[in-house]
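Student: Handing you a structure now.
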Amino acid sequence: MRMIRSYCLLLCSVLLLCGFNWGVFGDSCKEAQSLVDSLETARDEVQLRQTEAKIQALCPDGAAGHYVSALMLERVGNVDGAINEYRQALRQESTFAKASGNLGLLYAQQGRNSEASVELTRGLAASSNSKYHKALGRILADMKVYPLAIHHLTEAGTVLTRDPEVFATLAEIQLAMGQPAKALEEYGRALSADPSYEKAHTGIASIYLGRNEPDKALEELKKAEMANPQNRQIHLMMAGIYEKKGDSKLANYENLLAGKGKVVTPAPAGAISAPPATPLTASLNPAKQDSVEPAAAEDLDKNVELLKEAIKESPDKAAEVYGKLGNLYRSAGKDTEAIAAYKEAVYRNSTSSDVYLNLGLLHEKHANLDEAVVAYKQAIKVKPDNSAALLRLADLYLARGSHAQAVEQYSEFLKLKPDSPDIQLKLARILARNKDTGLAIDAYNAVLKSSPDNLDANREVAALYKLKGMNDKAVEHYKKALAQQKDDSDTRNALVSIYVKNKQYDEITELLKGAVELSPEDPNNHYKLGLIYEFRKDYDNAVASYKKAAELKPDHARAFNALGRLYMKTGKISEAKEALEAARKADPSLEETAVLLNNIRDEFSPEQHGISKSLRSSHSRKGRKGKRSAKSAKSGVSKKAGSSKKSAGHKKSAATGKAKSKKH
């Protein structure tokens, strides 16, 4: 017996050591797969790395393990390796939506649009990922499938509210469709996300040029130039505007910045030709000029030498000339040299606010943010009304999370340029995020004062009014937002919630009717409309709405359930049973459906049910009466038998007593 026990223990040890897990670890890959979703919500880098390590430990050769390997390869820039890992994950788990979506993003990055669109669509089949929507929207825009592109980019924009590229792409689509007014609105949203987004500024400028409004176009191009002074296209556009305005000097200047030769403006007939301008010679005496015009790239070295000679000849003007030298290098794209020249100007106590501003822009461009902050502050100190420096400093503070300082700088900027709705909107959002609701509402109202139809401002201030319980004001602004964007489901739902609270059923009905008209193929819109009809006891319209929802989505369990419930209310039991059976088939977990079906079984034939019930009651009463009689009879017999036994026993005792007495 002891030998058998020893053999059994040995066998168990061998099995365990040989890797048999008897199902204990069989679900490790499932556990790893469930952890994949938590990667996106990791609080910090440490938690992310720990979760990735756990996934790979649980399922190193499974789909989840390959997915994590792909993420790691992406982070180090190994795109081809990441693509192979995502493919491997999909070979093992073909319905792995995140792997498909991420693979689609990498294909799009490589320009493989056909493959990207397939994978992105698979990714979106399981979840509404804003990055997938954005990438697919851009691909469809390139393919000129504009309605679908608009759908996906709009979906992306609801989440990526700080991504100007999404809205700029929507603007380009609107332009391609011949709707410049809508394009302007989208460019405005791009600038709300990033006020320095040059693509939006140049796009707006193009629209203004098409409307023959060159001054407005020029204003936008100057903002674009501040964001990216090396963009030659901006300078070419500005040169063209100056040519049309007859300002040949500024046109030449912009053409030079764009790398082109000077524009020759023909002299009027009979006029005496003036000697050619020599701006570089004039630069030798910096006291006699306001700015140095950079020459074409091939003349850069010569112009640098001329400025250096000017510094030697006029050391007292060195700070000013170093500033001009910095401008020359900056326009040529030589940032390192430009920074050195500007620093030299600062060292020599330059009094030019633009020197500090340009130095700050270059520092910011190269991610030297501390130096950029110092430079912008100095630019403001030298010139308190330098709006560009105020704006850049505010944006830097915002990016760093220093909200109080950002609010201060944006407020100063708005004192100088009150007609800046994009900055007012940014300020309002910061205040709302900081829970300064009253100040945020004031800021939103400042936006709406200059742009009463601003979609975002109306929608966001409405949410704040709703938060404060000021539902009348909230409704007013939600309505304005809905007028601008009728398919805004979030705004429509917010209005519905207010109307429900106020028991304004007519308004709810109209809103839900509007939703059905806008999206007649959406079954949920018909279902919701049916609910309000049912609540108002308009059963015919409710039935029609539920039927339409079920027609559009044959497995719409709630629509079938509501239809069955309504048929029961109106006494149509067989129709109710049919609808409820369809609901149960579509979703067996619906509790209400099960309850309603049980009620139908109990109440299916009311008349027969009543008769059988009375018969059962009568039979039950008779039965109970018979049982009582039988019990009584039995009880009587028992008592009689008991008394007989008792009497007999008594007689027996008496006889025994007599016999004993005789014996004695």
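Student: Select, from K377, K383, K343, the only residue that is closer than 18 Å to Q409 by Cβ and free of Cβ contacts under 8 Å to residues at least 24 places away in the same chain.
Tutor: K377
Student: Going residue by residue through region 491-514, is there one that turns out to be crowded, with 20+ Cβ neighbours inside 10 Å, at pLDDT below 90 and farther than 21 Å from M470 by Cα?
Tutor: Checked region 491-514: at least one residue is crowded, with 20+ Cβ neighbours inside 10 Å, at pLDDT below 90 and farther than 21 Å from M470 by Cα.
Student: Let me ask something else about it. Right, L105: over 18 Å from the mean Cα position of the chain (by Cα), at pLDDT 90 or above and either surrounded by fewer than 17 Cβ atoms within 10 Å (Cβ to Cβ) or aliphatic (A, V, I, L, M) (or both) or not?
Tutor: In short, no.
Student: Just to be sure before I move on: is A544 over 22 Å from E591 (Cβ atoms) and either under 27 Å from the mean Cα position of the chain (by Cα) or among the aromatic types (F, W, Y) (or both) in the structure I sent?
Tutor: The answer is no for A544.
Student: Take L563 and decide whether it is part of a helix (DSSP H, G or I) and under 30 Å from G438 (Cβ atoms).
Tutor: No: the conditions fail for L563.
Student: Of all residues in region 106-139, which are within 23 Å of K486 (Cα to Cα) and not in a loop (DSSP other than H, G, I, E, B)?
Tutor: S130, H133, K134, G137
Student: Can you tell me which residue is surrounded by the fewest Cβ atoms within 10 Å (Cβ to Cβ) among those in region 333-348 that are among the aliphatic types (A, V, I, L, M) and more than 11 Å from K365 (Cβ to Cβ)?
Tutor: Step by step, filter region 333-348, then rank; the result is A340.
Student: Does T593 qualify as being polar (S, T, N, Q), surrounded by 20 or more Cβ atoms within 10 Å (Cβ to Cβ) and in contact (Cβ under 8 Å) with a residue 24 or more places away in the chain?
Tutor: Yes.
Student: Please give the helices (runs of 4 or more DSSP H) falling wholly within region 142-250 in which 2 or more residues are closer than 28 Å to L124 by Cβ, modelled with pLDDT of 85 or more and among the hydrophobic types (A, V, I, L, M, F, W, C).
Tutor: 146-159, 164-176, 180-193
Student: What are the residues in region 153-174 that are of a type in the set (A, V, I, L, M) and surrounded by 19 or more Cβ atoms within 10 Å (Cβ to Cβ), if any?
Tutor: Residues satisfying the conditions are L153, A156, V166, A168, L170, A171, I173.
Student: Return the pair list, or none, for Cβ contacts closer than 6 Å from residues in region 545-556 that are in a loop (DSSP other than H, G, I, E, B) to residues that are not β-branched (V, I, T), at least 6 apart or on different chains.
Tutor: Sorted first by the residue in region 545-556, then by its partner, the pairs are K553/P523; D555/A586; H556/P523; H556/A549; H556/A550.
Student: Among the helices (runs of 4 or more DSSP H) lying completely within region 441-544, list those that include at least 3 residues that are small (G, A, S).
Tutor: 455-467, 471-484, 489-502
Student: What number of residues within region 411-458 satisfy the criterion of being closer than 17 Å to A389 by Cα, in contact (Cβ under 8 Å) with a residue 40 or more places away in the chain and either surrounded by fewer than 17 Cβ atoms within 10 Å (Cβ to Cβ) or in contact with a Leu (Cβ under 7 Å, 6 or more places away or on another chain) (or both)?
Tutor: Total meeting the criteria: 2.
The values are calculated or read from the model by the stated rules, or taken from the named source; none is laboratory data. None of the values given here were measured: they were computed from a predicted structure. Neighbour counts run over all protein chains shown; Cβ positions are idealised from the backbone, glycine included.
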